[in-house]
Amino acid sequence: MILQKGKKSTVITAYDALFARLIAPYADMILVGDSLAMSFGGHADTLFIGMDEMIYHTKAVGRGAPDAKIIFDMPFGSETDKESALKNAVRVYRDTKAFAVKLEGGEEKAEIIEHLTKNKVAVIGHIGLTPQSVRIEGGYKIKGRNDDEIKKLFADAKAVEEAGALAVVLEGIKAEVAREITAALKIPTIGIGSGIDCDAQVLVWSDMLGFFEEFTPKFVRKYMNGAALAKGAFEKFANDVKSGSFPSEKESY
Ligand code: KIV
């Protein structure tokens with residue numbers, strides 16, 4: 001496994017060849033996340049994306065970063081039972097360069113994860129705040145705030161590990177709880193909004209580069225103000241065209 005227990009590693013999302021190429025040197029793994037539905041598809045949540053779109057984008061990422069270890073995020077409805085999960089995971093392996101698939105859920109998904117791993121599919125779990133649960137939970141809720149939630153998180157983490165997952169994403173979990181889960185598991189944890197003690201950290205590229213303006217979660221560190229830079233460049237182009245300064249002679253054949 002590329003991610004190792006106790007070794008700080010990076011996972012960054014990518015959805016296309018252009019950015020996969022830029023990201024690959026700095027990411028131990030690239031995640032083609034269903035967050036794509038929101039950041040690039042303009043949807044309100046991640047439930048709008050399906051297998052065909054995810055496969056299309058994962059193929060593009062594989063072309064841009066042919067040596068990257070790619071994680072394919074199983075979209076909503078693609079892994080509701082053992083048979084459909086395996087059928088879809090086999091399709092992912094046949095059609096893309098994905099190394100592993102990721103699926104949201106703990107105890108309730110353990111049987112499906114086990115079925116996949118027994119059939120030689122590399123699986124990464126995802127527990128805590130699971131964005132595909134947004135409608136049923138009525139929002140994005142931080143997890144690990146009380147004893148019941150903490151008990152459930154430990155049960156989920158153990159179930160995912162015992163089912164054979166190679167690693168597990170811990171999303172939106174109180175930092176001290178994520179630290180204890182990380183210490184209790186043999187598999188590496190990949191944190192997002194879950195504090196410093198996870199083995200790896202994952203961020204969505206359009207969040208970390210400041211391109212997604214609608215909402216910036218507390219856990220995102222913005223490494224540049226992409227939206228402002230892009231808008232400034234587009235404005236300059238529009239002004240140059242309107243003023244007649246573009247294209248110059250040097251920019252013409
Ligand atoms: O879809 C995604 O980008 C994800 C990460 C937020 C972990 O699942």
Which of G105, G42, P188, positive extreme of dipole for the chain (C-beta unit charges): P188
Among D197, D148, D73: highest mean-square fluctuation, GNM of the chain, C-alpha pairs under 10 Å: D148
For the stretch 232-243, 3J(HN,Hα) per residue [Karplus equation, 6.51 cos²θ - 1.76 cosθ + 1.60, θ = phi - 60°, Hz, x = Gly/Pro]: x, 5, 5, 5, 4, 4, 4, 5, 5, 5, 5, 7
Integer Hz, Karplus 6.51/-1.76/1.60 couplings in order for the stretch 185-197, x for Gly and Pro: 9, 8, 8, x, 9, 10, x, 9, x, 10, x, 7, 8
Share antiparallel - DSSP beta bridges, the stretch 9-224, percent rounded to 5: 5
Separation between Cα centres of the stretch 1-18 and the stretch 189-253, rounded to whole Å: 20
The stretch 39-74 and the stretch 114-133: distance between their alpha carbon centers, rounded to Å: 16
As computed over the chain, the Cα convex hull volume per residue (Å³): 141
Percentage relative contact order, the chain, counting C-alpha pairs under 8 Å, at least six apart: 16
Rg/Rh ratio calculated on Cα atoms of the stretch 1-105 (Kirkwood radius): 0.96
Projected area averaged over orientations for the stretch 147-253, convex hull of C-alpha atoms, nm²: 10.8
Where Y56, Y15, Y253 fall by accessible area, highest first, once all protein chains stay in place (1.4 Å): Y253, Y56, Y15
Solvent-accessible area per residue, Å², over the chain with all protein chains present [probe radius 1.4 Å]: 52
Mean Cβ neighbour count within 10 Å, used as a protection proxy, ranking 44-51, 3-10, 233-240 highest first: 44-51, 3-10, 233-240
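The values are calculated or read from the model by the stated rules, or taken from the named source; none is laboratory data. Since this is a predicted model, take the numbers as computed values, not measurements. Please note: Cβ atoms are built from the backbone with ideal geometry, for glycine as well, and neighbour counts cover all protein chains shown. Each accessible area value is taken on the protein alone, full model and side chains, heavy atoms only, with ligands, DNA and RNA left out. Shrake-Rupley method; radii C 1.70, N 1.55, O 1.52, S 1.80 Å.
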